[in-house]
Amino acid sequence: MSPKSQIFPSAWLPALVALCAVPSCLEAGAIAWGAAHGLTGKALRDGLDFWGGGYLALHGHLAALFDVRAYQAFFAGLYGTLPYHLWSYPPTYLLVALPFGWLPPWPAVFSFDLLSLLLLAWLLRLAGKRGWFIAAVLASPASLESMMEHQNAALLTALIGGGLLLLPRRPRLGGVLIGLASLKPQLGLALPLFLLRRAPVAFVAAAVSAVLLAALSWLVLGPAAWSGFWHFTRPSMSAVLLTGQPPAFAGGLISVFASFRFLGVPGALLVQGIVSAAAILLSWRTRSPIAVLLLTALASPYLHAYDLLGVTLAVALLVEQRLATGFAPFEAVLCFLAWFAPGLLPWAPQFAHVTPFLLAALLASAMRRGGLGVCDSSLAPPASPASSAGRLPIPVPPDSTAPG
């Protein structure tokens, strides 16, 4: 490593990370202002769904998650008129939300954010990453956007990114982590073939952990949770793509499908299908966790700005590599744009449809030198179901601002 590349992390990287965080910090200020002026429900953003899902399931009102009117009425009773909310996750995600249902909304979402970041930091450290690398990823615009939305990007990046980085030394643990990422299955399309070729033992571990997680959700929540997911959540989320409604969900999409929506639904589905198939096939050939992280983003038709935290991790890995090998012309600019994009998109949504092309260019850059290193791993030696009744009155949660 050259002296210049040794200086870079300590001298220039903190300044770049701080500069990229400015738009997200301004957004955080706007959210804090809203919370201070009585707009608590709006300030909670997607965290309201996370807390509400855990709270309703914990108190025996699972059916309300699959009834739009009951779900909206529950939040309206707490915080008045709010933007459209919809429970959009599989039952396995309820297992994560369930313990936080014991807490009031703000402590619940902040606790989830903090624990997710700690898990991500710990797994990156376990994978051998240095402090400056971890700090940069945690302070990245995608990470800040995930925290402000109270979304699950840090958790999913910990499971997928941490799992990929641990494959060479701990393939079984890496596989288990990736299997747990089935919490958000649309981000895992490019992972099975990669694991099957590069780390078969991890592929088996991932499959087993995903099945066990689904089975646990069946045992804890009962069949009503999976029935509601299949008959309500699944078609509702498909309708978001196919109809563009509600705008609050469809308007923030940054996937290939969203970029080609101007062709109409059939045309956009065709382009997304081609890209997804290509991403899955490329995952069979690639040797790099960097490329796989980028392929997971390109393969998903349902992608938001905060979901780019996995891409941010890929950019950090790529920069780390290029500090030792050197940047190609314009490669540093490309990395900067990919890092900065998640914080810019809330302020300039007109650039959302450029995101897939940026990711494709970044993928080409990552594949420029044979996939950037081998990711093969050698074989290592060998509750009762909750009630879904929705007729009982829903208990008023702590710290509620509902009238009376």
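With respect to ARG322, determine if the residue is in contact with a Lys or Arg (Cβ under 8 Å, 6 or more places away or on another chain), over 21 Å from GLY251 (Cβ atoms) and not aliphatic (A, V, I, L, M).
no
Could you tell me whether THR286 is over 21 Å from the mean Cα position of the chain (by Cα), of a type in the set (Val, Ile, Thr) and open to solvent by less than 20 Å² (accessible area, probe 1.4 Å)?
Yes, satisfied.
Can you tell me which condition ALA30 does not meet? The list is (1) buried (at least 18 other Cβ atoms within 10 Å of the Cβ); (2) at pLDDT below 90; (3) not acidic (Asp, Glu), and all the others hold.
(1)
Quick check on my filter: what residues within region 261-276 are open to solvent by 50 Å² or more (accessible area, probe 1.4 Å) and either under 23 Å from the mean Cα position of the chain (by Cα) or modelled with pLDDT of 95 or more (or both)?
The answer is ARG261, LEU269, LEU270, ILE274.
Can you name every residue in region 92-135 that is open to solvent by 40 Å² or more (accessible area, probe 1.4 Å) and in contact with a helix residue (DSSP H, G or I) (Cβ under 6 Å, 6 or more places away or on another chain)?
Within region 92-135, LEU119, TRP132 meet the criteria.
Determine whether region 183-202 contains at least one residue that is of a type in the set (S, T, N, Q) and buried (at least 19 other Cβ atoms within 10 Å of the Cβ).
Scanning region 183-202, I find no residue that is of a type in the set (S, T, N, Q) and buried (at least 19 other Cβ atoms within 10 Å of the Cβ), so the answer is no.
If you go through region 161-182, how many residues are open to solvent by less than 10 Å² (accessible area, probe 1.4 Å) and either in contact with an Asp or Glu (Cβ under 6 Å, 6 or more places away or on another chain) or among the hydrophobic types (A, V, I, L, M, F, W, C) (or both)?
4
Do you know which residues across region 75-118 are small (Gly, Ala, Ser), more than 16 Å from LEU39 (Cβ to Cβ) and not in a helix (DSSP H, G or I)?
SER88, the sole residue that qualifies.
Of the residues LEU298, LEU309, LEU334, only one is assigned to a helix (DSSP H, G or I), modelled with pLDDT of 90 or more and open to solvent by less than 10 Å² (accessible area, probe 1.4 Å); which?
Answer to the check: LEU309.
Does THR81 count as of a type in the set (Ser, Thr, Tyr) and open to solvent by 40 Å² or more (accessible area, probe 1.4 Å)?
Spelling it out, THR81 is indeed of a type in the set (Ser, Thr, Tyr) and open to solvent by 40 Å² or more (accessible area, probe 1.4 Å).
The values are calculated or read from the model by the stated rules, or taken from the named source; none is laboratory data. Since the structure is predicted, the reported quantities are computational estimates derived from the model, not experimental observations. Positions of Cβ are backbone-derived with ideal geometry, glycine not excepted, and every protein chain shown enters the neighbour counts. With ligands, DNA and RNA removed, areas are computed over all heavy atoms of the protein, side chains included. Shrake-Rupley method; radii C 1.70, N 1.55, O 1.52, S 1.80 Å.
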